[in-house]
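Below is one structure, written out as structure tokens; comments come after it.
The values are calculated or read from the model by the stated rules, or taken from the named source; none is laboratory data. These figures come from a predicted structure and were not determined experimentally. Neighbour counts are summed over all protein chains in view; Cβ atoms, including those assigned to glycine, are modelled from backbone coordinates with ideal geometry. Surface areas here come from the heavy atoms of the whole protein model, side chains and all, with no ligands, DNA or RNA. Shrake-Rupley method; radii C 1.70, N 1.55, O 1.52, S 1.80 Å.
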Amino acid sequence: MCIRDRGYTGAGVQILINDNGVDNTHPDLAKLDVANSCDVYAPSGWDAHGTVTASLAAGDSNSHCGVGAAPGAGIASCTMMGANVASESYDGSFISKNHDVNDISSNSWGYNLCEHHSYSASCPFACPSVSSDDCPCDACNGDDWASGDLSATCEQAVVTYCTNHFENDATPCLELDHYFVQCGSGQMSSHGHDTMLDGVTNGRGGLGMVFVFAAGNSYDVGQDVNYEGYQNSRFTMSVGALGQDLKHASYSSTGAPVFISAPGGDSENYHGMLAAQPLSHGLTDNCGDAGMGTSYAAPLVSGVVAMVLEANPNLTWRDVQGVLASTATRPHEDAEDQWTTNQAGVKHSYKYGFGLVDAHAAVIAAQSWATLGAEITLVTATTSGAALLDFDGTEHWVESEAAEFGSSDFIIESVSVYVTIEHPRRGDLRIELERNGVTSLLTDDKLEQGTSYTHWKFFTLRHWGETADNGAFTLRVADRRAGSGDDLGSRRRLDDDDGVLVKWTLQLYGHDSDTSTPWTPQPTPRGGCDSVTVSGSNDQSSSHGTYLFSGRCEDKVYYQCSDCSFTRYLWYKNGGYWVIGQDPDGCDSLNGYIYINSDDDLADVSGNWIESTSSGWTPNSDIVVECNFDPTPRPSPSPSTLPTAALPSRTDHSYSYSYSHSYSYSYRTATY
């Protein structure tokens, strides 16, 4: 049965069409809400793309041309590309224009490069329940929050704070995108992120504007949706295209962020969807073939969302995503479609997302949908330092495992990964995220030019519905092409053709499945102590205290003191050292106050620890470093300064390198 036969047409819901203008002189689109459109809403010259997408989403049911997916829905328009653009296009505000009236933001375009907006940003954390000493703002004093390149000390302070105090400062903990991501090719700027955040936070009376994006038309050149900053946002449903045979269209971009699919036409079965055309074209009945592209699949999904919101206007933006994900169908499950089934039984394909949108099933499910709990997050940072060896006929895979989470009530909706890698040519790298046999390809060895990744964001939907405690996540990286790109000279610490996996941050987004009990977002370390107590030093009593899990250095857990008189860390340094000091420097430092030479896990370390004294390095059999397995989480302290005593034969691998682009705004939009 057609869903419109049940009376659903999208009535009472409005779709904002962000494109090259909508011709509201066409009878199918005369209902355009000019008052809630941008100051330029009509097309210029021969621009027809926006008129077509509006027609497919919500063209009126009359005798003039085709009928849109939701003919009863209202439409608004922002002309953000073409010869004559709206003023809102210059600051990016068009994307969530008048989100109190416009319920859905439909976007059939993409940026080739990140648009850079100059702005300053202060520490986003209010820290309402902790002292200033325990707030990341102190640890990050001197860091530029707008740079997307926070220091290692600052980044770890953010992760520790959000682990222990998420519920008291939820918004900045959720939005690591804002200050972890630099403005670079394929990344969304912090300004763009904030504009979408405003839409999902304040749109529709607090229920959230729903963002729909075309996935892109560059499958033939290996374009992955993870290279598109708007499309790999958790706020977005990225839409792939199918041909008339309901198989993946040959042009439709793929990737772990693809959410859902809809018909978009293809070159093998060209034509098939009629849509309104601008009257200036002079076509018969002002009607013509829509063409092919994910541009035309996305507005169909926007129309379905309009009917879903008509059926249940109380759904949040995340509820809408849940409805569409749970009701999507899989017309084909061939081997080449790259389907995987995760631990929750949810299937996802790089080509189809969760499957083909099913309007009938979605509207029925929406009527009785149980609202998801508030959005929550889990985050952990992992320092690696592992060498990425150049391809020499063999792929040298590096694996880095993040700390497991102990939150069985946390239901995952999406996963973000922020990766920092030094490499002379990042396009040589293949990066994967894996858990329990489910692999997400984050980037393959193609397309990407330039050197290194700095806090580079990748995104996957392939763990939707899993619980957070169901296994550790592993990042896998390999160089798959011989040779190097630009010489980084003294900034690099390995051979020119090699690279370094410096660090990565894992962030899970989801909700609490059991709202009857308090949720505690504390990760449970595996292969390490839950806490460590240090005592017995003669000259380094400032290092006495309780050390709590703070992150991982490859296969070893490292710790931060929760109650020492000064900032202290306990970490493992490759080469066989456990060190207590002020700054682990990515677990690459031998600069400390107490150490022991041992390659064992901390729980198995034996022998005398050596401390720095006024007469030199002195073994002290009274020093006790005790591994405990009964954690009592506490907030971590902020760093304080103390003179550093160097260990004998210290090897300093300190380094600093970042790669970023800054661009003034220009029109780099491409229709999809």
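Numerical summary
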{"read-out": "Extreme residue, least open to solvent (accessible area, probe 1.4 Å), among residues of the range 535-592 that are charged (D, E, K, R) and over 29 Å from the mean Cα position of the chain (by Cα)", "value": "Arg568"}
{"read-out": "Criterion: touching a Leu at 6+ places or on another chain (Cβ under 8 Å), more than 24 Å from Gly291 (Cα to Cα) and not in a strand (DSSP E or B) - qualifying residue of Asn102, Asn24", "value": "Asn102"}
{"read-out": "Unmet criterion (only one of (1) open to solvent by less than 30 Å² (accessible area, probe 1.4 Å); (2) in contact (Cβ under 8 Å) with a residue 60 or more places away in the chain) for Ala362", "value": "(2)"}
{"read-out": "Meets criteria (part of a loop (DSSP other than H, G, I, E, B), surrounded by fewer than 24 Cβ atoms within 10 Å (Cβ to Cβ), at pLDDT 85 or above and of a type in the set (S, T, N, Q)) for Ser250", "value": "yes"}
{"read-out": "Hits in the range 28-55 - residues which are open to solvent by 10 Å² or more (accessible area, probe 1.4 Å), assigned to a helix (DSSP H, G or I) and either in contact with a helix residue (DSSP H, G or I) (Cβ under 8 Å, 6 or more places away or on another chain) or among the aliphatic types (A, V, I, L, M) (or both)", "value": "Val34, Ala35, His49"}
{"read-out": "All positions within the range 593-621 that are free of Cβ contacts under 8 Å to residues at least 12 places away in the same chain and under 43 Å from the mean Cα position of the chain (by Cα)", "value": "Asp600, Asp604, Ser606"}
{"read-out": "Filtered residues of the range 357-368 (kept if outside any helix (DSSP H, G or I), of a type outside the set (Asp, Glu) and in contact with a strand residue (DSSP E or B) (Cβ under 8 Å, 6 or more places away or on another chain))", "value": "Val357"}
{"read-out": "Any hit, the range 40-48, residues being free of Cβ contacts under 8 Å to residues at least 40 places away in the same chain and either within 34 Å of the chain's Cα centre (by Cα) or closer than 14 Å to Cys287 by Cα (or both)", "value": "yes"}
{"read-out": "Enumeration of residues in the range 305-333 that are without any contact (Cβ under 8 Å) to a residue 60 or more places away in the chain and part of a loop (DSSP other than H, G, I, E, B)", "value": "Asn312, Arg330, Glu333"}
{"read-out": "Filter result for the condition that a residue is closer than 24 Å to Gly208 by Cα and in contact with a Ser or Thr (Cβ under 6 Å, 6 or more places away or on another chain), over Ala54, Ala86, Ala73, Ala69", "value": "Ala86"}
{"read-out": "Every pair of residues 6+ apart whose Cβ atoms lie under 7 Å, when the first sits in the range 507-533 and is modelled with pLDDT of 90 or more while the second is assigned to a loop (DSSP other than H, G, I, E, B) and open to solvent by 60 Å² or more (accessible area, probe 1.4 Å)", "value": "His511/Ala374"}
{"read-out": "Strands (runs of 3 or more DSSP E) lying entirely in the range 369-472 (those with 1 or more residues that are within 18 Å of the chain's Cα centre (by Cα))", "value": "376-388, 410-422, 429-435, 438-443, 453-460"}
{"read-out": "From the options Gly406, Gly437, Gly373, residue that is closer than 26 Å to Ser233 by Cβ and surrounded by fewer than 19 Cβ atoms within 10 Å (Cβ to Cβ)", "value": "Gly373"}
{"read-out": "Residue satisfying condition, being over 15 Å from the mean Cα position of the chain (by Cα), crowded, with 24+ Cβ neighbours inside 10 Å and more than 21 Å from Leu176 (Cβ to Cβ), within set Val210, Val221", "value": "Val210"}
{"read-out": "Residues (touching a helix residue (DSSP H, G or I) at 6+ places or on another chain (Cβ under 8 Å), part of a loop (DSSP other than H, G, I, E, B) and surrounded by 21 or more Cβ atoms within 10 Å (Cβ to Cβ)) located in the range 283-304", "value": "Ala290"}
{"read-out": "Selection count where residues are open to solvent by 10 Å² or more (accessible area, probe 1.4 Å) and in a loop (DSSP other than H, G, I, E, B), scope the range 82-91", "value": "5"}
{"read-out": "Subset of the range 378-389 (residues that are touching a helix residue (DSSP H, G or I) at 6+ places or on another chain (Cβ under 8 Å) and either surrounded by fewer than 22 Cβ atoms within 10 Å (Cβ to Cβ) or at positive phi (or both))", "value": "none"}
{"read-out": "Residue check for Ala58: at pLDDT 90 or above and either open to solvent by 10 Å² or more (accessible area, probe 1.4 Å) or in contact with a Lys or Arg (Cβ under 9 Å, 6 or more places away or on another chain) (or both)", "value": "yes"}
